[in-house]
Amino acid sequence: MSDALPPSLIYLLGALLVPFLRGRYRQVFALAVPVVAFVNYYLITKGVHWRLELLDFELILGRSDAWSLIFLHIFTVLSFIGILFVIRENEPLDLSAGLLYAGSAMGVVMAGDLITLFFFWEMLTMGAVLCLLARKTPASGRAAMRYLLVHVFGGVVLLAGLVLHLAAGGSTAFDRIELEGIGPWLMLFGFGINCAWPLLGAWLTDTYPEASIGGVVFMATFTTKTAVYVLARTFPGEPALIWIGVAMATLPIFYAVIENDLRRVLAYSLVNQVGFMIVGVGLGTPLSLNGTAAHAYCHILYKALLFMSIGAVIYRTGKSKATELGGLCRSMPWTCLFCCIGAASISAFPLFSGFVSKSMIMSSAAAEGQVVVWLALLFASAGVFHHAGIKIPFFAFFSHDSGIRCKEAPLNQLLAMGLASVLCVFVGTFPNAFLYPMLPNVEADYVPYTVGHVTDQLSLLLFSALAFTLLMLAGLYPAEIRSTNLDADWFYRKGGPAFHRLADKSLNALNAATSRFFLGKIVNNITNFFDSGLARLACLLMTPFWKLMGHDAAQIEEERHALFRRAKIGAFPVSLTAFCAVILLGLLTAYYYVAGK
Amino acid sequence: MTPPDSNEPLPWFLKPRNVRRVLFGLFVTCSLFFGLDFLFALTGYDKHPYFQWEEWPGFHAVFGFVACVLLVLVSRYLLRPLVMRDEDYYEKTSSKTGDKTDV
């Protein structure tokens, strides 16, 4: 048994208490939560902890091994950086959302069974939705609704897969799952939606740019990386993942080149980087899985750093579009420096964090003889430097002077970015200090700093920079244009309302027609029939008899009227009832006589 | 935010002379690394490559350059004409604040 507490519990309690505190107490408390969790991290021993019984299932809140601990470590570090970044505004919504989000992500990575996993998986969505709502603009409210709808759909797909998997005799164990039958496939797709796979992942680039400046730091960290973690646990070595990862790594960079909103450019490069991790999962070798874990660790740091630097720009200028920014290195030199460190890290410059992690995945691809995959990843490496490494700092801080003069980012934001920067450089320079020893597969040895690797990588990056420079000088680089670029989110942003209109026009029209026919016609006729139909029938039957009796038209009309009134209220003379009874008895006798023969 | 002061000195990085210096530095470093690769090839230095073509001098340099030029040209001349729409395509925006407003 461990002396530690479940990390998710610490964060969830923190998230619940934050709104009840005021002023400085709230700030100190919110910052203390990740600090306590960090101390708690070192108390967690390897093994299985915190088991609960629910119905017939055993829930495991703490499976701690190398896989879960490396993710837990970076989530804890990042939650401190993220909280520090937003601590100045002291917004309870921002702080609670961040803590809830972090707690859910830790719940997923510590989960030891699929039911616990699903529970925290759904809570992740709530954290993200709160991060979107924290921006408090009408557009962010709509983005939150879109985010919620997409992820509720993903959650339902996952739940359906989980139920089918269990029904088919699968266990609730959160371990490697064979991709056989519909259940595991649905689970794979459920994970893929959170992982921002091609076509399934448009929610990411659609909504991240609408989040609050602190919220997006948490969003960029938790959702996709928990999905990577879950895929690495459940479907390692699944060949389809290699190609999904390649598509993720290569396709978004084309969009990033022509995108105007710098936070959306970062969102595209986030998908590109997660693509590398998914390739690592798909290859499934000890080195490639180590690469996935290491790259997730490094990626979280530099992606948060980049989002924070653009967040600081938004904080001071209210703008995030390349067309509206430029020349901010005058006003925000420190933010500019931190942004450049993040850019160097994502581009995998030697001595920066991306260099020591991305290359593991590429080396594994090469070692497995995956030529096309390797070339695609090399292309993606050059491309990420091009659009994230150069474009982001260049258009925000250099480029043409936008004329904006503002203050440097506030101290807490600088500290948060500074801490992330120091970690990026430290991890990149001394990967053996703590990153490599944390990796899950100890047998996979990797040495990033060889002469060949360093010179090859620098050649690649320098000539990418040269291409950017020459294209800029030649005027061939696409000018920044205020625009919207169509992506797969079109299907739900335009397709959703169109479906609604179609459903409205067709189904509601059908509904109205059915209502007119059944309620207006049939029900009416039936009530009419029971109200006066039998009386009319009786009149109809009697008319020939009256005619036989020699009544004239006026008399018949009189008889008919009298009969109709009597029949309707059921007030027939007793003799008539007796006559009917005799006829009935006669018919019965005839029937039994015939039947008896 | 305050408007720019017309007399404010340009930061080091933005002075035209220094921009030229930075560009010059980039060209020199590029040539240096290109040359270094040939040196490795001539001396037969083992870079422990996985593929044969990684041994070709200047492979990474040429790949990086061509990849980026292709990336930009494809994005600009193929992707942009296909997918670019008006900024208000999904929601009406007011260009003044950049913040989206309700339709």
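The values are calculated or read from the model by the stated rules, or taken from the named source; none is laboratory data. Worth saying up front: this structure is predicted, and the values here are computed from it rather than measured. A quick note on method: Cβ atoms are made from the backbone with ideal geometry, for glycine too, and the neighbour counts reach across all protein chains shown.
Brief remarks on what is shown
- Scanning region A:463-484 for residues that are assigned to a helix (DSSP H, G or I) and within 36 Å of the chain's Cα centre (by Cα) yields A:S464, A:A465, A:A467, A:F468.
- Test result for A:S331, among the hydroxyl-bearing types (S, T, Y), touching a Lys or Arg at 6+ places or on another chain (Cβ under 7 Å) and farther than 24 Å from A:T484 by Cα: yes
- Top-ranked residue of region A:545-592 - restricted to ones that are exposed (fewer than 12 other Cβ atoms within 10 Å of the Cβ) and among the polar types (S, T, N, Q), ranked as farthest from the chain's Cα centre (by Cα): A:S575
- Per this entry, A:S459 is counted among residues that are in a helix (DSSP H, G or I) and of a type in the set (S, T, Y).
- Residue in region A:164-176 that is touching a helix residue (DSSP H, G or I) at 6+ places or on another chain (Cβ under 6 Å), closer than 19 Å to A:N194 by Cα, touching a residue at least 12 places away in the same chain (Cβ under 8 Å) and in a loop (DSSP other than H, G, I, E, B) present: yes
- Region A:470-488 residues that are more than 7 Å from every other protein chain (Cβ to nearest Cβ), paired with ones that are among the hydrophobic types (A, V, I, L, M, F, W, C) and in a loop (DSSP other than H, G, I, E, B) (beta carbon under 9 Å, 6 or more apart): A:L470/A:L476; A:E480/A:A322; A:A488/A:L199; A:A488/A:L200
- Note on region B:35-58: residues that are more than 8 Å from chain A (Cβ to nearest Cβ) and assigned to a helix (DSSP H, G or I) amount to 9.
- Flag for A:S140 being of a type outside the set (D, E, K, R), touching a residue at least 12 places away in the same chain (Cβ under 8 Å), outside any strand (DSSP E or B) and touching a strand residue (DSSP E or B) at 6+ places or on another chain (Cβ under 9 Å): yes
- Search result, residues across region A:393-408 that are in contact with a Gly (Cβ under 8 Å, 6 or more places away or on another chain) and either of a type in the set (A, V, I, L, M, F, W, C) or facing chain B (nearest Cβ under 8 Å) (or both): A:F395, A:A396, A:F397, A:F398, A:D401, A:G403, A:I404
- Failed condition for A:A509, given (1) under 34 Å from the mean Cα position of the chain (by Cα); (2) among the aliphatic types (A, V, I, L, M); (3) more than 9 Å from chain B (Cβ to nearest Cβ): (1)
- Among all positions in region A:115-135, there is no residue which is under 25 Å from A:A293 (Cα atoms) and outside any helix (DSSP H, G or I).
- A:V422 vs. criteria within 30 Å of A:S363 (Cα to Cα), of a type in the set (A, V, I, L, M) and at the interface with chain B (Cβ under 8 Å from one of its Cβ atoms): no
- Residues that are more than 15 Å from A:R264 (Cα to Cα), not aromatic (F, W, Y) and not in a loop (DSSP other than H, G, I, E, B) within region A:309-342 comprise A:A312, A:R316, A:T317, A:P333, A:T335, A:C336, A:L337, A:C339, A:C340, A:I341, A:G342, listed in sequence order.
- Taking (1) surrounded by fewer than 16 Cβ atoms within 10 Å (Cβ to Cβ); (2) within 31 Å of the chain's Cα centre (by Cα) in turn, A:Y449 satisfies each apart from (2).
- Of all residues in region A:485-494, one or more are surrounded by fewer than 16 Cβ atoms within 10 Å (Cβ to Cβ), within 30 Å of A:R146 (Cα to Cα) and charged (D, E, K, R).
- Residue within region A:377-393 that is over 29 Å from the mean Cα position of the chain (by Cα) and not aliphatic (A, V, I, L, M) present: no
- Odd one out for A:T205, checked against (1) surrounded by 22 or more Cβ atoms within 10 Å (Cβ to Cβ); (2) part of a loop (DSSP other than H, G, I, E, B): (2)
- Yes/no for A:H400 being over 15 Å from A:I341 (Cβ atoms), surrounded by fewer than 17 Cβ atoms within 10 Å (Cβ to Cβ) and at pLDDT below 90: yes
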